[in-house]
Amino acid sequence: MTLIALLLLPLIAAGLSALPRLRALSPAVTAASCAAVLILASETALRIVAGAPAVSFRGWLSVDGLGALIVWLVSLVGTTAAVYSWGYMRKTSSHQLTRLRLYYANYNLFVFAMLAIPMVVEPTLVWIFVELTTLTSALLVSFESTRAALEAAWKYVALSLMGAAIALLGFLVLFAALQAAGGEPYTWEGLARAAPRMPPVLLKTAFVLILAGLGTKVGLVPLHTWLPDAHSQAPSPVCALLSGIETTSVLYVILRLLPVLDASPFSGVRDGVVIFGLISVGVAAFLLLQVRDYKRLFAFSTVEHMGIILVAAGLASEAAHYGAMYQILSHTVTKSFCFFAAGAAVLTVTTRDIPAVRGLVRISPATAASLLLGGLAIAGAPPLSVFVSEFLILKAGLAEGRYVVVGLLTLFIAIAFFGVLLHINRMVFGRRADDSASSSTGSPAGAVAHAREGAGVLPLSCRLILLLGGALVVVLGVYLPSPLHELLRLASHGLQR
Amino acid sequence: MTDSTFTAALDALNALACGLFLLAAFAIVATRQTRGCLLLFIGQSLLLAASAFVLGAKYQSLHLMAVGAVNLISKPIVIPWILRRTLSAEVYARREIDQVLNIPTSLLIALALAILAYFLTLPILGAVAPQFRSANVPIGFAGLLLGAYTLTVRREAVPMLIGILAMENGAFFAGIALSRNLPLIVELAIASDGLVLVFVTGVLVRAIQQHIGSTRVGELVSLREESAQLGAAVEEIP
């Protein structure tokens with residue numbers, strides 16, 4: 001029943017938000033529904049931690065350790081981003097209050113689709129919800145209706161739907177493979193049981209199609225090109241959802257297939273996954289160096305982190321899989337905070353251009369501090385949680401004797417670390433080279449001058465979420481509560497046979 | 001009519017549907033008019049439904065008949081209706097003179113893709129039981145690849161959208177032969193998902209038309225690392 005309530009709440013909230021009469025209430029309705037979802041999701045996760053094998057509803061919905069982790073993270077980011085939206089959206093789109101209810105209606109539907117992915121057990125239905133995450137978020141990406149936002153939304157829709165069609169064929173071939181094995185229901189568990197009897201050709205074809213198709217949506221290189229556009233042009237709270245959890249919840253579908261492939265007679269798939277992941281990490285690390293928009297900086301870092309998770313999931317040991325789950329947790333918490341900080345920076349300096357922002361610490365210390373914390377945390381500075389999870393993954397790789405993989409991964413992570421902090425450091429502490437001649441440079445200098453007048457513009461809800469998110473980022477680095485540790489451990493079992 | 005001639009007639013009909021389906025996929029690559037593109041997509045969807053009906057008759061599967069019926073209603077009727085509601089008629093009158101590649105080159109590449117699809121699916125056909133072996137599988141794969149190719153070389157929004165829909169048609173075309181016992185609720189969900197897809201994309205294209213004044217989305221290339229230097233990304237905040 002809890003699962004049904006989890007899915008119904010966002011739907012009801014979407015309906016209420018869309019009503020013209022309740023326009024003024026839509027931010028509150030959304031935040032309240034998301035908070036209720038968070039409570040229910042925490043309760044479900046605690047039940048799993050306490051030893052329940054899986055919470056399920058009539059064989060259609062079921063949540064195990066891995067599912068519970070994703071559901072909990074979706075509800076967590078859903079709640080923080082909803083509260084953040086309250087102040088942020090009013091500030092950035094005050095002239096179009098009527099459109100705000102469409103924003104919140106879409107927002108709730110988006111959260112609904114993401115919650116459904118880890119709950120539904122029938123793979124083709126999971127595919128439908130993956131597709132729905134694209135469709136419900138497309139109009140959120142284009143919400144600001146600027147030329148760039150519309151362009152980003154179109155690229156996002158076209159590439160994601162192309163990937164989804166490829167993945168659909170993959171899921172149909174997977175069903176054919178299951179039929180050839182005979183007798184098992186089309187669920188994740190049924191697939192794992194039937195895998196040894198499936199014709200390897202079909203299973204391999206299905207996996208390649210699904211990896212290529214959903215890899216587009218996760219932002220794996222080479223089909224990542226839409227991701228920095230969409231994840232930078234959307235309003236910042238939406239970026240937090242897109243980058244923080246949407247990519248992960250789609251990656252979850254790929255991860256679900258790994259134990260199925262392990263059970264089948266052919267090998268080498270995990271190596272392929274590791275290589276695919278390494279390519280993403282490497283390419284993203286180098287692309288990070290040359291960005292000029294700080295939201296794109298964080299978006300490329302998402303590509304990098306998805307690659308790291310894929311590499312860790314592709315390794316064989318339990319320790320590596322625990323690292324992958326830890327990385328999912330730390331990425332979600334940290335990346336959503338990064339985009340909240342980036343949103344604060346957008347409100348403060350009204351530009352996303354990195355070279356135009358210098359000496360932020362003198363303009364707005366609060367924004368500068370959160371941006372610095374976000375940058376340090378997402379780059380993987382010790383002792384914050386991304387550092388811990390990356391360290392766990394590297395250690396597990398060494399223990400397995402995968403020296404080349406660990407070496408390359410360390411190199412790429414180091415490059416990305418340098419890239420992120422280079423840009424953030426300049427923005428926060430940098431001195432304008434042309435302070436005296438700034439009047440000649442036009443708009444960027446003007447933007448910063450404008451910001452000086454309007455310093456301290458952060459709405460209350462944004463400040464609250466920055467404070468809360470920052471605290472979470474710091475605390476998770478030094479202290480992992482034992483239920484959360486247990487949840488990660490149970491979730492990592494989802495990657496094993 | 002004896003059973004074997006009946007089956008043979010159905011096989012011949014299905015082969016005809018397969019051939020025409022592939023032809024429609026090629027025509028979607030080559031046609032210039034947006035309206036022609038839409039009509040070809042409708043024709044392709046009708047062929048998909050026809051193939052589902054024929055296979056349903058051959059294997060006496062009510063389920064395949066239902067799939068055919070769902071496709072018959074949703075794609076040729078509802079999807080064009082949604083498009084007409086969300087987009088202005090002006091979009092349909094468009095002719096696309098310049099694709100990224102010229103049309104003979106495009107058709108050659110499309111031919112190569114179709115041959116590639118055939119060789120890719122040979123091992124699949126070898127692995128499945130005889131009753132799932134059908135020309136639908138390679139042609140469905142070819143339809144998927146040709147749809148993806150259409151999406152890549154087109155610049156106009158509606159033909160690109162039709163490329164996506166043609167990809168799904170291709171996936172389904174292979175699916176009705178390979179995985180014909182998929183639960184009906186899943187088929188229905190996929191069909192309604194297609195409707196949501198068209199609606200959302202239509203709304204997005206209309207917004208693009210209103211704010212940018214053109215539906216030539218292929219020319220929207222401002223978001224790149226190198227060109228970001230030209231226009232500093234200033235957010236429009238009052």
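Nothing in this text is a laboratory measurement; each read-out follows from the coordinates by a stated rule. Here the structure is a predicted model, which is why all the values come from computation and not from measurement. Because the Cβ atoms are built from the backbone with ideal geometry, glycine has one as well, and the counts that use them run over all protein chains shown.
At a glance:
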quantity	calculated
Per-residue Cβ neighbour rank within 10 angstrom, fewest leading, B:ILE42, A:ILE4	A:ILE4, B:ILE42
Length-normalised contact order for chain A - Cα pairs under 8 Å, 6+ apart - percent	17 percent
Ordering of A:480-493, A:107-120 by packing [mean C-beta count within 10 Å, highest first]	A:107-120, A:480-493
Of B:GLN99, B:GLN209, B:GLN60, the one that fluctuates the most in a GNM where chain B has Cα springs shorter than 10 Å	B:GLN60
Label-point separation, A:ALA52 to B:THR7 (7 Å along Cα→Cβ), nm	5.1 nm
Partner chain coverage, peptide B:207-215 - average Cβ within 10 angstrom	3
Cα-based convex hull, chain A, per residue volume (Å³, whole number)	126 Å³
Unit charges on C-beta of K, R, D, E only; dipole of segment A:193-346, Debye	220 debye
B:LEU62/B:LEU101 FRET efficiency (R0 41 Å; Cβ-Cβ; nearest 0.05)	0.40
Burial ordering of B:ASP3, A:ASP64, A:ASP229, fewest other beta-carbon atoms within 10 Å first	B:ASP3, A:ASP64, A:ASP229
Calculated FRET value between A:ASN425 and A:LEU468, using beta carbons and R₀ = 22 Å, to 0.05	0.30
Exercise: per-residue mean of other protein chain Cβ atoms within 10 Å, B:170-176	5
Amide H partners (placed H, <5 Å) of A:VAL55, local residues excluded	A:VAL63
For segment A:121-137, Karplus couplings with θ = phi - 60° (6.51, -1.76, 1.60), whole Hz, Gly/Pro x	9, 8, x, 5, 5, 4, 4, 4, 6, 4, 4, 5, 4, 5, 5, 6, 8
Per-residue HN-Hα couplings for segment A:227-237 [Karplus 6.51, -1.76, 1.60; θ = phi - 60°; Hz; x = Gly/Pro]	5, x, 5, 5, 6, 10, 8, 5, x, 3, x
Ranking of B:PHE6, A:PHE417 by count of other Cβ atoms within 10 Å, fewest first	B:PHE6, A:PHE417
Contour minus Cα-Cα distance for A:ALA414 and A:PHE286 (0.36 nm per residue)	45.0 nm
Euclidean distance of C-alpha centroids, segment A:1-46 and segment A:176-228, integer Å	32 Å
Two-site FRET efficiency, B:LEU23 against A:ARG197, from Cβ-Cβ distance with R₀ of 60 Å, rounded to 0.05	0.95
Gaussian network model of chain B, springs between alpha carbon atoms under 10 Å - residue of B:LEU48, B:LEU144, B:LEU184 with greatest fluctuation	B:LEU184
Cα-based Rg of segment A:3-144 normalised by 2.2 N^0.38 Å, two decimals	1.06
Between segment A:293-348 and segment A:74-94, the Cα center-to-center distance that results, in Å	20 Å
Burial order of peptide ranges B:7-20, A:145-158, A:273-286 (average beta-carbon count within 10 Å, highest first)	A:145-158, A:273-286, B:7-20
Residues whose placed amide H lies under 5 Å from that of A:ASP353, excluding near-sequence neighbours	B:ALA233
Of B:THR86, B:THR121, B:THR105, the one that fluctuates the most in a GNM where chain B has Cα springs shorter than 10 Å	B:THR105
Backbone HN-Hα couplings from phi across segment A:271-282 [Karplus 6.51/-1.76/1.60, Hz, Gly and Pro as x]	5, x, 4, 4, 5, 4, x, 4, 4, 4, 4, x
Dipole moment magnitude, nearest 20 debye, chain A about Cα centre, only Lys, Arg, Asp, Glu C-beta charged	860 debye
Gain in span if fully extended, A:PHE391 to A:VAL404, counting 0.36 nm per residue against the direct Cα distance	3.1 nm
Packing-based order for A:344-354, A:237-247, using average beta carbon neighbours within 10 Å, highest first	A:237-247, A:344-354
Percent RCO, i.e. relative contact order, over segment B:3-229, from Cα pairs under 8 Å lying at least 6 residues apart	24 percent
Euclidean distance between Cα centres, segment A:96-149 to segment A:373-404, Å	32 Å
Dipole magnitude (debye, nearest 20) for segment B:3-229, charges at Cβ of Lys, Arg, Asp, Glu	360 debye
Per-residue mean of C-beta atoms belonging to partner chains within 10 Å, peptide A:111-124	1
Exposed GluC sites (Glu not before Pro) absent: longest stretch of chain B, with sites in DSSP loops and at most 12 other Cβ within 10 Å deemed exposed	B:1-225
